[in-house]
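Novice: The structure is given below, and queries will be raised subsequently.
Read-outs throughout are calculated quantities, based only on the coordinates presented, and are distinct from any laboratory measurement. Keep in mind that what you see is a predicted model, and the values were worked out from it rather than measured. Note that each Cβ is placed from the backbone with ideal geometry, even for glycine, and that neighbours are counted across all protein chains shown.
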Amino acid sequence: MNLRRFAEIQQKLSQRITLKDAFTKVERIAGVDAAYTSDACFAGAVVVELPTLRTVEEKTAMQALHVPYIPGFFAFREMGAVIKALRRLRSSYDILMVEGHGIAHPNGCGFASHLGVLLRKPSIGVAKRLLCGRVEGMPTPEKPAEIVLNDRVVGYAVLSNGKVIYVSPGNMISLATALEVVKKATHRHALPEPLQRAHMLAEHAKRGY
């Protein structure tokens, strides 16, 4: 495991990120998340329809763990299982939503950006913890707070159903649209429904192992 090499990969991928909306409609969102045992990663992929938030399809996949948990290099730990689960989906989707960061990352390429570039899909990162940068003020239900890194706005802290989540564009989507899509996909939980359901699916797959 070479962390310097991992960082180099992220930096190269960051140069391929675009923050312009590369789509005309958002009718379906695929959400992905993973759960772990001591030696395996279980990924869940769920396609959710907008505006009804109906689940269209769900798939799981498993892969042996080869990389330990290291903040900032999350993608390298669960990329294989997540991509495998996504490739099992038969349903199309317009945007990929990832539990992790997009450009709000020390190397400008968190898990959401990494996946978005590799798969050439519009992607959004939604995380429960801030990895880097600073939050400008306190988010309210009416107004999110900007996440600033190196004097650049890279995302938003959002007060979602009583909890703060961190939203950043991954690839092929703008800051404003990423925030708008997350709001439209959120219902009863802090996390948007595609991620909440992907999390539950991955946990279920792990328990059945």
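Novice: Extension gain Ala7-Glu27, at 0.36 nm per residue separation less the Cα-Cα distance, in nm?
Specialist: 3.8 nm
Novice: Here's something else I'd like to know. For the residue pair Leu118 and Val67, what label-to-label distance in nm results when each label sits 7 Å from Cα along the Cα-to-beta-carbon direction?
Specialist: Here the modelled spin labels are 0.7 nm apart.
Novice: Let me ask something else about it. Name the most mobile residue of Ser123, Ser160, Ser168, meaning the one with the largest mean-square fluctuation, in a Gaussian network model of the chain with Cα contacts below 10 Å.
Specialist: So, out of Ser123, Ser160, Ser168, the one fluctuating most is Ser160.
Novice: Using a basic spin-label model with each label point 7 Å from the Cα along Cα→Cβ, how many nm lie between Glu136 and Glu49?
Specialist: The two pseudo-label positions are separated by 4.0 nm.
Novice: Regarding the chain, what's the average projected area of the Cα-atom convex hull, expressed in nm²?
Specialist: 10.9 nm²
Novice: Relative to the Cα centre, what is the charge dipole magnitude of the chain, using +1 at the beta carbon of each Lys and Arg, -1 at the beta carbon of each Asp and Glu, and rounding to the nearest 20 debye?
Specialist: Computed charge dipole of the chain: roughly 380 debye.
Novice: I've got another one for you. At 1.567 mPa s and 4 °C, plugging the Kirkwood radius over alpha-carbon pairs of region 106-209 into Stokes-Einstein gives what diffusion coefficient in µm²/s?
Specialist: 91 µm²/s
Novice: Between Val148 and Ser38, what FRET efficiency comes out of the Förster formula 1/(1 + (r/R0)^6) with R0 = 45 Å and r the beta carbon distance, rounded to 0.05?
Specialist: 0.75
Novice: Which of the DSSP-defined H helices in the chain satisfy a minimum axial length of 15 Å, computed from C-alpha atoms, and a minimum mean Kyte-Doolittle hydropathy of -0.5?
Specialist: Within the chain the helices that satisfy the rule are 74-88.
Novice: Please compare each pair in Lys84/Lys121; Lys59/Lys206; Lys20/Lys163; Lys143/Lys183; Lys25/Lys184 to a cut-off of 18 Å on the Cα-Cα distance and tell me which ones are over it.
Specialist: Lys20/Lys163
Novice: With a ≥ b ≥ c taken as the square roots of the eigenvalues of the C-alpha gyration tensor of region 26-137, please select rounded if a/c is under 1.5 and otherwise prolate if a/b is larger than b/c or oblate if it is not?
Specialist: Taking the square roots of the gyration eigenvalues as a ≥ b ≥ c, region 26-137 is oblate.
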